[in-house]
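To start, the structure under review is shown below, and the notes come after it.
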Amino acid sequence: MTELDTSPHPKRPEFRNINAFTDLPGYRLPLAGLVSILHRISGAIMFVLLPFIIWMFDVSVSSEISFDRFKRVFNVGLPLSRESLVPGWFMKLVALVLIWAFMHHLIAGLRHLWMDVSHEAVTKSFGKSSAAAALAFSIGLTAVFGAKLFGAY
């Protein structure tokens with residue numbers, strides 16, 4: 001026969017009303033959860049910036065004159081009127097955010113697909129290591145493409 005465990009267990013805390021200001025700052029999100037949230041954020045950024053993507057593609061491939069205008073927007077800025085100008089560094093920053101969103105969404109999406117295809121890869125240790133690799137690759141590729149965007153090479 002089995003004996004019942006009668007040792008007293010410490011009472012676990014009960015959370016009925018979670019206060020976002022006191023409870024959530026102490027919560028440690030696992031790395032896989034952070035990658036998952038960033039995957040959703042990167043998808044939302046790409047969706048919101050879709051008109052900018054379409055404009056960049058249209059202006060860059062229409063003609064040589066429009067491509068010169070495209071380059072001028074990133075080097076000088078985007079004239080909104082005679083008095084106001086969106087600076088070129090801001091346009092490059094928006095493009096850099098878009099590059100990060102695409103790179104992260106692609107790599108994190110491949111990570112999710114790999115975990116869906118190979119069910120034996122769904123472990124806590126693989127989730128942590130693949131999340132770290134996804135973050136490292138996306139940040140590394142963003143740095144490489146960002147250096148090209150800002151004229152480092």
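No value in this document is a laboratory result; all are computed from the given coordinates. In this text, all values refer to a predicted model and were calculated from it rather than measured experimentally. Reconstructed Cβ throughout: ideal geometry from the backbone, glycine too, with neighbour counts over all protein chains shown.
Once you have the Cα-Cα distance between Ala20 and Lys71, take 0.36 nm times their residue separation minus that, and quote the gain in nm to one decimal.
Values: separation 51, 0.36 × 51 = 18.36 nm, distance 4.51 nm.
Difference between extended and current length: 13.9 nm.
So if we plug the beta-carbon distance of Phe150 and Phe126 into 1/(1 + (r/R0)^6) with R0 = 25 Å, what FRET efficiency do we get, rounded to 0.05?
On the way: r = 35 Å, r/R0 = 1.41.
Computed FRET efficiency for Phe150 and Phe126 comes out at 0.10.
Residues of region 112-153 with the amide nitrogen closer than 14 Å to a label point 7 Å from the Cα of Trp89, along Cα-to-Cβ, please.
150-151
Can you give me the distance in nm between label points at Leu113 and Ile41, each placed 7 Å from the Cα along the Cα-to-Cβ direction?
Each label point is offset 7 Å from its Cα along the Cβ direction, giving 2.4 nm.
Which whole-number percent gives the relative contact order of the chain, counting Cα pairs below 8 Å spaced six or more residues apart? Spell out each step's value before the answer.
On the way: 98 pairs, mean separation 40.0, N = 153.
Relative contact order of the chain: 26 percent.
Calculated FRET efficiency, Ser81 and Ile54, Cβ-Cβ r, R0 30 Å, to nearest 0.05? Provide the component values of the computation, followed by the final result.
Values: r = 23 Å, r/R0 = 0.76.
Computed FRET efficiency for Ser81 and Ile54: 0.85.
What full-extension length gain, to one decimal in nm, is calculated for Ser63 and Ile139 as 0.36 nm per residue of separation minus the Cα-Cα distance?
Working: separation 76, 0.36 × 76 = 27.36 nm, distance 3.31 nm.
Additional length available on full extension: 24.1 nm.
Lysines near Lys124 by alpha-carbon distance under 27 Å, same-chain residues fewer than 8 away left out - which ones?
Here the lysines satisfying the reach criterion relative to Lys124 are Lys11.
What lysines could a cross-link reach from Lys71, if we take a straight Cα to Cα line under 26 Å and drop same-chain neighbours fewer than 8 places away?
Here the lysines satisfying the reach criterion relative to Lys71 are Lys92, Lys148.
At 222 nm, what value in deg cm²/dmol follows for the chain if DSSP H runs of at least 4 each add -39500 (n - 2.57) and the sum is divided by all its residues, to the nearest 500? Walk me through the numbers before you get to the answer.
Working: 5 runs with 98 residues, N = 153.
Helix contribution divided over all residues of the chain: -22000 deg cm²/dmol.
Would you please put 145-153, 28-36 in order of how densely packed they are, using the mean number of other Cβ atoms within 10 angstrom per residue and starting with the highest?
Details: 145-153: 12.1, 28-36: 14.4.
For the peptides 145-153, 28-36, the packing ranking is 28-36, 145-153.
Scan the chain and note any complete DSSP helix (H) whose C-alpha atoms cover at least 24 Å along its axis and whose Kyte-Doolittle average is 1.6 or more.
Span-like helices in the chain: 31-48.
If you build a Gaussian network model of the chain, linking Cα atoms that sit under 10 Å apart, which residue out of Arg12, Arg72, Arg40 swings the most?
In this elastic network of the chain, the residue with the biggest mean-square fluctuation among Arg12, Arg72, Arg40 is Arg12.
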